[in-house]
Amino acid sequence: GVASFLTKPVQQDALLESVGNVFKLGHEHETAGDFADGIIYQSPLMARLLQQVRRVAAGTTTVMIFGETGSGKELLARALHRASPRRDEPFVAVNCAALPEQLLESELFGHKKGAFTGAITANEGLFRAAHGGTLFLDEIGDMSPGLQVRLLRVLQEGRVRPLGSAQEIPVDVRVVTATHRDLDALVEEGEFREDLYYRLNVIPLHLPALRERPEDIL
């Protein structure tokens, strides 16, 4: 985020002061708890949000982060992971809007060698890669209906079945999702499963846009 700005011509004293303020901000938040590393803020809104993150970090229930594109949702998810008992286990992130449906299915759930054309090697999948830790599914609102069904089943049963396999494998993963879309509206329109929405949105976190916290623009 923006921590400071300088006017031209740049004066050396002003430059040193600006750099010093940035390091001061970073140090203050490290002493408050380095789980929020990378998040520089001064606003009460962000302070309250990070307090909420710390409170909910100890649990295992799903968390959904609401916020605009580019607002730092993955940083917040990483902070949640670092504040949790799972901090020493993997944090795995994937953007559901960035991959075509078949590739996303393979990435999430894994596949056996030969499961489909081009599957020349096996892939364990991100659920298994995140075992014991946190799986962050960004832009969950863009997930296709078919993958929503598979995701719901994993959340209900705690087991994942790779493509081309008959074997179901237990996984211990805390799922954190994020979206910039209005999922309530998508549920109403039938584009997002209502049962999956309520399964994912157990603990909602609302990340305010920068314009809503002008104290963070210094």
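Listing for the model above:
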quantity: Relative contact order [Cα under 8 Å, 6+ residues apart], segment 33-216, whole percent; calculated: 32 percent
quantity: Considering only segment 33-216, percent of DSSP beta bridges that pair antiparallel, nearest 5; calculated: 15 percent
quantity: Net charge over other residues, Cβ less than 10 angstrom from the Cβ of Glu89 (K, R count +1; D, E count -1); calculated: +1
quantity: Cβ-derived FRET efficiency at R0 35 Å, Ile120 paired with Arg181, nearest 0.05; calculated: 0.50
quantity: Residue-by-residue Karplus 3J(HN,Hα) for segment 59-73, coefficients 6.51, -1.76, 1.60, Hz, glycine and proline x; calculated: x, 10, 5, 5, 10, 10, 9, 9, x, 5, 4, x, 8, x, 5
quantity: Coarse-grained scattering of segment 33-216 at q = 0.09, 0.12, 0.18 Å⁻¹, given as base-10 log I(q)/I(0) from a Debye sum over alpha-carbon atoms; calculated: -0.33, -0.58, -1.20
quantity: Size of electric dipole in segment 33-216: Cβ of Lys, Arg +1 and of Asp, Glu -1, about Cα centre, debye, nearest 20; calculated: 660 debye
quantity: Order by protection proxy (mean Cβ within 10 Å, highest first), peptides 157-166, 59-68; calculated: 59-68, 157-166
quantity: Contour excess over end-to-end distance, with Cα ends at Thr61 and Lys113 and 0.36 nm allotted per residue; calculated: 15.4 nm
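Bear in mind these aren't lab numbers, they're just calculated from the coordinates by the rules spelled out. Computed from a predicted model, the values in this text were never measured in an experiment. So basically every Cβ, Gly included, is an ideal-geometry build from the backbone, and we count neighbours across all protein chains shown.
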